[in-house]
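Worksheet: the structure to be examined is printed underneath.
Here, each number is a calculation from the coordinates, and none is a lab measurement. Just so it is clear, the structure is predicted and the values come from calculations on it, not from any experiment. Heads up, the Cβs are rebuilt from the backbone with ideal geometry, glycines too, and the neighbour counts pull from every protein chain shown.
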Amino acid sequence: MLKGRNLIEPTNFSLEELDEIFRLANDIIADEKKYSKVCDGKLLASLFYEPSTRTKFSFDAAMYRLGGNVLGFSDPNTSSTAKGESLADTTVVVSNYVDIIVTRHPKEGTAKYMSKYSSVPVINAGDGGHQHPTQTLTDLLTIDYYKKTFNNLKIGVCGDLKFGRTIHSLVKAMARYENTEFVFISPEELKMPGYVKEEIEGKAKYSETNNLDEAIKDLDILYMSRVQRERFVSEEEYIRLKDYFILTKDKLNKGKSDLIVMHPLPRVNEISTDVDDDKRAVYFTQGKLGMYVRMALIMKLLGVEV
């Protein structure tokens, strides 16, 4: 059903299509060996114009575990971009060589722009402060894995809500499900942008606060995020805000016993290491689930089956 499509933002797929991806991801988790050769002979281009650890490694690992191969770059200065080649020309050329393209870029809208010039599916692995849809798939699979439902959940998103593309994508995605309620937890300077709130208006309830200690008490999910140094013009402003929220074991103990704590990683100071061994801290498992959902996504976009 998804063969030949692009993933630029989470809403590119219907809820039914997302369920299709999650069912496949769960089947891969249950029997990974069954899928070890399904992408034999397929090539994935990994075009990363800004740094990444989890997203790049998980996509590479996903393709290799499916039996395919990966080529590309993690530093655009090693490509013809350094010689002045346009993004459009790079896209046309690369799409002649591969079966699917994964790209990350610091500029908003880049993945959508590239999809206009590509002859193969394009996956957005993050474009500036805009969207990060495969992280959203990772987050949704994690919620499915631990909560067994996407409905009737109260979700706190905490930290950098202004520049947090993972949070923007997750909020838009979860607003499509029934009876979702959000609590936006941030300092005044990093509040959720108006355009995100407008997009979920009438679809989901939300409230705003700068008090994590109070907000955590009745949450089903707490989604923490780092304050992103690379999005700040002022170093002084970053230093002032970077430790505004720190989740400690004492704060976590104010939450419900079945709360789950998620984080897209990397973590800086916003979650204390004494939280890591709490069963409610699921962020490292969340990263592993990201590899499985990317395996499922690649298969669906390429139209390969077992």
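What to note about this one:
- Most to least packed among 144-156, 191-203 [average Cβ atoms within 10 Å]: 144-156, 191-203
- Sorting the segments 168-178, 44-54, 271-281 by their residues' average number of neighbouring beta-carbon atoms within 10 angstrom, most packed first, yields 168-178, 44-54, 271-281.
- The chain, relative contact order [Cα under 8 Å, separation at least 6], %: 21
- Percent of beta bridges antiparallel (DSSP, the chain, rounded to nearest 5): 5
- Entries in K205/K279; K162/K288; K251/K288; K148/K197; K33/K112; K116/K300 that, when Cα-Cα distance is taken, lie over 24 Å: K205/K279; K162/K288; K251/K288; K148/K197; K33/K112
- Within straight-line reach of K203, meaning a Cα separation under 20 Å, sit the following lysines at least 8 residues removed in sequence or on another chain: K154, K172, K191.
- In terms of packing, defined here as the mean over residues of other Cβ atoms within 10 angstrom, the peptides 217-223, 296-302 line up highest first as 296-302, 217-223.
- Span from the the range 152-197 Cα centroid across to the the range 107-131 one, whole angstrom: 22
- Under the Karplus curve 6.51 cos²θ - 1.76 cosθ + 1.60, θ = phi - 60°, whole-Hz ³J(HN,Hα) for the range 279-293, x wherever Gly or Pro sits: 5, 7, 7, 10, 5, 6, 5, 3, x, 5, 4, x, 5, 5, 6
- Helices in the chain, meaning DSSP H runs of at least 4 residues, each add -39500 (n - 2.57). Divided by all residues, the mean residue ellipticity at 222 nm is -10500 deg cm²/dmol.
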